[in-house]
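Below is one structure, written out as structure tokens; the observations come after it.
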Amino acid sequence: MRVTPTAFLIAALAAAPVPCAAGSAAASFDTAVAQAKQRWRDSPYGPMLERILPPGFAPEMLPEPDSRGAALTVRYCVQCHNLPNPAMHQAAKWPKVVDRMVARMRGRGNMGRLMHEMMAGVKAPSTDEERMLLDYLRRYGQEPLDPGKYPEAFTPRGEPFRLACRQCHALPDPKRHTAKEWRAVVARMERNMEWMNRVVGSQPDPDEPQLRIEDINAFLAKYAKKAP
């Protein structure tokens, strides 16, 4: 179970703007994503762009998909990489991430003149849009686990959950989802980890702890939010 989370947090690069995806127009979201992927196919930087984030999170999976925050997330984020899940980071981390990404969209990233040239066609959010985007991402960011409430997470029984989840983000609060919802989330995370291992080219290490999905689901189910 070798994952290199920094591999999909590299600077994003693109070559053309994406039209705004407005309101609940799922078709507009799909168009924005499709156009971005077409640009990646046409761009010499396409292979790098597709390696930044896993492809499994779709616009309709965003919290409040009809909201302005969701529209801004699709409009600006898919210009440069696959759509991020707001729960990818906890609220406290999103300001630095957004600040870094907006700077790159404005051609002021960490690659000097090359960054400026590569970002020439990318649209950056206005100040108000940046604030709304950040508010949205923070509102639906990862809810970190409180160690005082879940001491079992730091015992051998919680080890599969702890080792798997903390590779890519803060340990999530089990009460964020019901047990049924967690199974779907864990399955998606498993696919993401498989994708990252394939992209990074890691080789299995028999001495590493193995991903024990049923143990992770059992721990989360024990403390999960009760189904309505």
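Worth pointing out:
- Peptides ranked, highest mean first, by Cβ atoms within 10 Å: ranges 53-66, 158-171: 158-171, 53-66
- Sorted peptide list for 185-193, 76-84, 137-145, criterion being average Cβ within 10 angstrom, highest first: 76-84, 137-145, 185-193
- Amide proton proximity set for GLN90, modelled H, under 5 Å, gap of 5+: GLN142, ALA170
- Rounded to the nearest angstrom and listed largest first, the equivalent-ellipsoid semi-axes of the range 125-180 from its Cα gyration tensor are 30, 11, 10.
- Straight Cα distances below 20 angstrom link LYS180 to the lysines LYS222, LYS225, LYS226, with same-chain residues fewer than 8 positions distant left out.
- For the range 50-91, taking Cα atoms only, Rg and Dmax work out to 9.9, 28 Å respectively.
- Using the Karplus relation 6.51 cos²θ - 1.76 cosθ + 1.60 with θ = phi - 60°, the per-residue 3J(HN,Hα) values for the range 191-197 come to 5, 4, 5, 5, 5, 5, 4 Hz, with x marking Gly and Pro.
Taken together, the values in this text are just the output of simple stated rules run on the coordinates, not laboratory data. Worth saying up front: this structure is predicted, and the values here are computed from it rather than measured. Every residue, glycine among them, receives a Cβ derived from its backbone with ideal geometry; neighbour counts consider all protein chains shown.
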